[in-house]
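Heads up: the structure comes next, in structure tokens.
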Amino acid sequence: MKRIIISIILGLPLAGGLLMAIGNDSLFLKGNALYEEGNYEEALGVYNQVLQDGKESAGLYYNMGNAAYRSNSIGYAILYYEKAIKLEPTHEDAANNLEFVSRYRLDTFEEVPQLFLAAWIRGFVHLLPERTWSTLAMLFFLALLTGIVVYLFAKRIALKKTGFVSALAALLLFGLAFSSAASRHREIIHPDAGIILAPSVVVRSSPSESGTELFILHEGTKIEISEEVSGWRNIRVIDGREGWILAEDFDSI
């Protein structure tokens, strides 16, 4: 608990790893300077410019989450910490700050339990970022080719068996890494989760203002998102309730 509080209070905006991730970018350095001066909203604006330049990273989103929290934008703080963790699942500081800031949300739900296998698979896929899974897939593919070559051209029976077993193991590991990388890539290209950013949102029974009001969600609540109809998105919260909200009321993770 003490670590979480210290992390959110200090903000850690100038971590060395972040500097390496972004590079010596004048805009980024300007954002850091504004943050240190207490100009959090201006710092957030500058960090957004860095993001628009295509320099996306977990470290940048972490800084943006800190600046948003300092600006009392709980929804955006949660969004940026979630984005940081999505890119780098092992980002401990972002996870700690997310846990801390999430306590300010107004909505609390009792989560519908997932099937054990589905939850385990999702947790396994999220152990590593897409780039790491892709790298592992390439390495296992090379190991597969090596095993095949050894099996085909080795003259000793024992070596052929080793090549066959190695190729089989590499094939299984390649399939696992490739499918995990594909799943992570699909999440980035087609996000299936978002954060409510409006102070409050009416969830309706249909994609229309005339739809029946089902329930209300508040800033910072995490949702699952699916189909889109004329600017409306079908959403689901962790307690299983579903409905429609305007796409402008949330942002995808």
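Throughout, read-outs are computed from the coordinates displayed, never taken from laboratory work. All of these numbers come straight from a predicted model, not from anything done at the bench. Cβ: placed from backbone, ideal geometry, glycine included. Neighbour counts: every protein chain shown.
Quick notes on this structure:
- Residue selected from segment 173-232 under the condition in contact with a Pro (Cβ under 9 Å, 6 or more places away or on another chain) and hydrophobic (A, V, I, L, M, F, W, C), by the criterion farthest from Ser57 (Cα to Cα): Val229
- All positions within segment 198-217 that are in a loop (DSSP other than H, G, I, E, B) and either more than 27 Å from the chain's Cα centre (by Cα) or surrounded by 14 or more Cβ atoms within 10 Å (Cβ to Cβ) (or both): Ala198, Ser205, Ser206, Pro207, Ser208, Glu209, Ser210, Gly211, Thr212
- Residue in segment 70-87 that is charged (D, E, K, R), part of a helix (DSSP H, G or I) and more than 21 Å from the chain's Cα centre (by Cα) present: yes
- Candidate set from segment 218-247 (those that are among the basic types (Lys, Arg) and surrounded by 20 or more Cβ atoms within 10 Å (Cβ to Cβ)); member that is nearest to Ser73 (Cα to Cα): Lys222
- Some residue of segment 146-166 being surrounded by 13 or more Cβ atoms within 10 Å (Cβ to Cβ) and under 30 Å from Val101 (Cβ atoms): no
- Restricting Glu130, Glu99 to residues that are out of contact with any Gly (no Cβ under 8 Å at 6 or more places or on another chain), among the charged types (D, E, K, R) and closer than 23 Å to Tyr47 by Cα narrows the list to Glu99.
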